[in-house]
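The values are calculated or read from the model by the stated rules, or taken from the named source; none is laboratory data. Values in this document were obtained by computation on a predicted structure and should not be read as measured data. Neighbour counts are summed over all protein chains in view; Cβ atoms, including those assigned to glycine, are modelled from backbone coordinates with ideal geometry. For accessibility, only protein heavy atoms count, side chains too; no ligands or nucleic acids. Shrake-Rupley method; radii C 1.70, N 1.55, O 1.52, S 1.80 Å.
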Amino acid sequence: MCRCAHEGLVPEPRFTALAGALRGASLPFVAVPDLCGLAARRDPDLLEWARHPGRKVVACHPRAIVNLFDAAGAPLPGDALIVNLRADSAQTAATQLGIEWNEDRGSGAENELRLSSDSVPTPSPFGPRSSDLGPRSSVLDDPPSPLHPAPSTAPSTLPPPWLPWFPVIDRARCTDCRQCLEFCLFGVYTLENGRIEVRHPENCKPHCPACARICPHTAIIFPKHTEAPIDGSPIADEEAEKARARRELNELLGQDIDAALAERRRRAAARLLDADKLRLAMAERERCSRKPGAEGRT
Ligand code: SF4
Ligand code: SF4
C-alpha cells in the first residue's frame, strides 16, 4: 500500500480506512510512504513483492504502477491486481480486494500498520536512503532505527530531502523515438542498446512535466502529476493527445523543431561536460588531500 506521503494524492482518511479494513480482515500488508521513491532507487523489496504469489498493489493509476515496477526492474505479472486508491473510495478498493466492508474498521488502523523493512542499506545514486523518503518513522510511526536516528538540532550539511519526481516510460506506448532524450537538458534519459531509459531520475526538476508534453506517443508518465493523462490515467482520446503534443512541441521549440532539438542537445552536452569536469576536479582534490604530508591543506 502506498501512502503517497509527499504529495498526498491518496487521501489520508481513505488510506487509513482501507488499512483498518485489511487489519479487520486479518490480511497482512506492507505500507510504504512513497512507492515512487522505492522505484527510483530500484529497491530490492519491489522485486520480492512483484514475485509474491497473489500480490496486490494499492496505490494510484494502474498504468503508472505497472511502469514504475517495470522501471525498477521488478515487472509485475499480468494477473497482479492494482487497486487505484487515488481514484476510488476505500469501500470500492476493499471490494476489489475481496474484503467485506465495515464502516467501523477505519479507526485505529494507524498504529497497526506493518511496515516494509528499511533496515538494509543499499547503494543508491540518491544519497542516503533517508534523503528521498525521509525517516519512515516520521511518516508511518515506524519504531526508531539506528539507521534513522532522531533528528539532531545541530546544523546539517545534508541536502534537503529529494522529492521522488521523475518520468516513467510507458513501455507499451514508447517507440524509442529519442525526442525526450534530445529535449531534456538535465541528462535524465539515456539511450541503451537502442532503448530509452530513465537512468538519472534525481536530475529531474520537481513538478516539471515538459518532456511528457512533447512526447508524440503520450508515453511519459509523471505519477505525481495532477493532470490526466500525464498522471498515468487512461488516455481517453488518442487523436486529441497527438494533436496536443504537436501543438506543445511547436509552442516550446518553434517551427524548426529539428534545429531547436539540435541546439538543446548541444546545451545538454555542455552541461554534462561541465558536470564531468567538476567531478574530475573533486576526485583530484580528494586524491591530493590523501597524499602523505597533505593533511591540513585545502
Ligand atoms: S504517485 Fe502513486 S506510486 Fe507515487 S507515491 Fe503517489 S500513490 Fe504512490
Ligand atoms: S519521446 Fe516518448 S515515444 Fe519518444 S522515446 Fe521518449 S518516451 Fe519514447
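Quick notes
- Accessible surface ranking that places the most exposed of Asp170, Asp79 first, with a 1.4 angstrom probe: Asp79, Asp170
- A DSSP coil position with no more than 13 other Cβ atoms inside 10 Å describes none of the chymotrypsin sites (Phe, Trp or Tyr not before Pro) in region 1-62.
- For the pair Asp258 and Gln96 in one chain, pulling the backbone fully straight at 0.36 nm per residue adds 53.6 nm over the alpha carbon distance.
- When His61, His207 are compared by accessible area at a 1.4 angstrom probe, the order from most to least is His207, His61.
- Pairwise FRET efficiency - Thr226 versus Arg42, Cβ, R0 = 25 Å, nearest 0.05: 0.45
- Which of Lys224, Lys56 is most accessible, then next, and so on - probe 1.4 Å: Lys56, Lys224
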